[in-house]
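Remarks on the structure that follows.
The values are calculated or read from the model by the stated rules, or taken from the named source; none is laboratory data. Because the structure is predicted, anything quoted here is derived from the model rather than measured. Here Cβ is always computed from backbone atoms with ideal geometry, including for glycine, and neighbour counts include all displayed protein chains. What goes into the accessible areas is simple: the full protein's heavy atoms, side chains included, and nothing from ligands, DNA or RNA. Shrake-Rupley method; radii C 1.70, N 1.55, O 1.52, S 1.80 Å.
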Amino acid sequence: MPIRLLSPQTINRIAAGEVIERPAAAVKELVENALDAGATRIEIILAGGGIAGIEVIDDGCGIAQAELALAIERHATSKLGDETLVRIATLGFRGEALPSIGAAARLTLISRPLGQDSAYKITVAGGVIFPVAPAASPAGTRAIVEDLFYATPARRKFLRTPHAEADAAERAVWRLALSAPNVAFRLVSDERVMFDVARQTETARVAALFGRETAAALLPLNAEREGVILTGLAGPASLSRATTGLQSFVVNGRPVADPLLRMALRLAYRDVIPAGRHPIAALRLDIPPESLDVNVHPAKTELRFADANGIRSLVIGAISRLLERPISLAGAPPARPNAPRLALQPVPSQAAHGFAEAELQLLTAPAARSFIPEASGHPLGAPVAQILDTYILAVAADGALVIIDQHAAHERLTEERLRAEFLAGQVVSQPLLLPVVVDLPQSDASRLLAQAQTLHRLGLEIEAFGPGALLVRAVPAALKNPDVAELLRDLADEFAEAGTSVALEARLDSALARLACHRSIRAGRRLNPEEMSALMRDMEATPRAATCSHGRPTFLKLTRAELETMFGRRGL
Ligand code: ADP
Ligand code: MG
């Protein structure tokens, strides 16, 4: 084939593949345009996860009749003079979004500039442009996208379920709403209001989108280094989540998913929150524009910092200082109110022998011996002591020493019981004497409500209770007395995370694990010998009991041979 220039239509379709790779990207571009237009109120309406339809309505400056046709031209932008690429102050600047959307879908812009009394519209469908025509509309712009990717079927194949696409689009709006608290946002997805927030302060916006209770526990952050300013809110060490869903980064007003910032946040919390949990933070960086390149990727969510190390130390340093402050002790577990007691017989001289009483609950020699016969034939043996109110020390009939993590073990038992009940279709639900009202971010509440049927089958009964609140009527009986609010928050996180990719089956699995974790005997609870034995006998009878639902071991076993080798009584 001879070399030839590509047609504008083909060029736009290629660009569409880069800029608009899924509905969330189209939503992001349209909302960015609304923000750049100075809107004070933006409404986003999604149908079928944005695949069927996206509508973004703003009250911004509007587009003049004469410029409508230009707006959908490639590389046409009102935001960038030829000399300003080093100091970008708007969210858009590449002039690619509208032509890309118009190439992949059917796009209609209806706009009425401020101070004009009539509106005009233009439509571009699969790259074919229709003439500008009069329309009726209030001041501002309405962008309507229908049938995304109908003109680029290859891209269409890579879409996930409408549900997953809706989650991703919602996440994009969530981030933009956090970046611009002075703009009112309303997001409606398949007729469900995901959130509806007025113009407000940054702190109020974080509270609305992170959940009021969570936000109340966050600590304000304020630091500066060589002209770079870091502000925002970050969680104390005691507050962590199952996912990174409650982390937001805004750089020079632009919401970003920058790997460097995410890593810095992780490092700042590395030593204070458990592995597998994630900190909560809403961070905002203001960097002199010449020290920042936002033009790394067409989607503009990644950045290049002139001084990456400086930015990293600023974030890690500021958060580390925050976590060192005495206030972070507020989240630490309270000192145990009761003086430690020995379960059977006190052994007063213990402390003198180097054991703090709180650390060791000895079931005293006679008690231990009396349990040993009972242990014969049981692989995990009989309990002889509890250490740190967390580990059970046991001796098996063959002399092996067994150490059990009571929380991990119990978690697995609960999960397996729930799973068995669930598979048999007979989860036992325990109605709450007083239904509990739980406040959540509106999007979390909607997400949980969308799964209400499934949760019902798991024994959890929830219903809507005004925007952003749920009424919990019943919990799975196996959970005894769970912290209902915490349970719902963790479940919402789990659904938000799993939602993008995982089938219902896997969701149920993670929901079960999450439920189990809530019911389980806490580490730090004193058990009596009967409780310890019962737990161990249960473990022996339960499949997969050797690890907890997070994959950690539930017990360690040192055989007699291993002990002898360790003490040099036996050759290697
Ligand atoms: P960019 O945002 O990079 O300039 P776009 O393709 O997204 O490119 O938009 C092209 C132009 O159309 C913008 O520069 C702006 O002038 C105009 N425009 C798009 N959306 C809006 C809107 N909601 N309100 C006012 N003007 C808009
Ligand atoms: Mg744009």
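For the stretch 1-146, what is the accessible area per residue in Å² when the probe is 1.4 Å?
47 Å²
Modelling each spin label as a point 7 Å along the Cα-to-Cβ direction, I'd like the residue 136/residue 41 distance in nm, to one decimal.
Reported label-point gap for residue 136 and residue 41 is 1.9 nm.
Using the per-residue mean of other Cβ atoms lying within 10 Å as a proxy for protection, in what order, highest first, do the peptides 482-491, 407-416, 216-225 fall?
Order by mean packing, descending: 407-416, 482-491, 216-225.
Report the Cα-based extents of the stretch 393-459 along its three principal axes, largest first, to the nearest Å.
55, 29, 24
What is the set of long-range amide H partners of residue 384 at a cut-off below 5 Å, with H atoms built 1.01 Å from backbone N?
393, 394, 395
Determine ³J(HN,Hα), in whole Hz, for all residues of the stretch 35-50 in sequence, where each value follows from phi through the Karplus function 6.51 cos²θ - 1.76 cosθ + 1.60 and θ = phi - 60°; x replaces Gly and Pro.
Values per residue, Gly and Pro as x: 5, 4, 7, x, 4, 9, 8, 10, 10, 10, 10, 10, 10, x, x, x Hz.
Stretch residue 76-residue 196 to full length: gain in nm at 0.36 nm per residue minus the Cα-Cα span?
40.0 nm
What residues have an amide H closer than 5 Å to that of residue 430, excluding those fewer than 5 places away on the same chain, when H is modeled at 1.01 Å from N in the peptide plane?
Counting only residues 5 or more places away or on other chains, the set is 475, 477.
³J(HN,Hα) across the stretch 219-235 via Karplus (A = 6.51, B = -1.76, C = 1.60, θ = phi - 60°), whole Hz, x for Gly/Pro?
10, x, 10, 7, 8, 9, 7, 6, x, 9, 10, 10, 9, x, 9, 9, x
Where the accessible area of the stretch 39-163 is counted over protein heavy atoms with a 1.4 Å probe, how much of it, in %, is carbon and sulfur?
56 percent
Subtracting the Cα-Cα distance from 0.36 nm times the residue separation, let me have the gained length for residue 277 to residue 320 in nm, one decimal.
Result: 13.7 nm gained on full extension.
For the stretch 260-302, with the dipole built from +1 on Lys and Arg beta-carbon atoms and -1 on Asp and Glu ones, taken about the Cα centre, which of 274, 297, 260 lies farthest toward the positive end?
It is 274, whose Cα lies furthest towards the positive end.
Sticking with the crude label model, points 7 Å out along Cα→Cβ, report the distance from residue 293 to residue 537 in nm, one decimal please.
6.9 nm
Would you mind checking which residues have amide H under 5 Å from residue 125's amide H? H placed 1.01 Å from N; only 5 or more apart, or other chain.
Here the answer is 107, 130, since their amide H atoms fall under 5 Å of that of residue 125.
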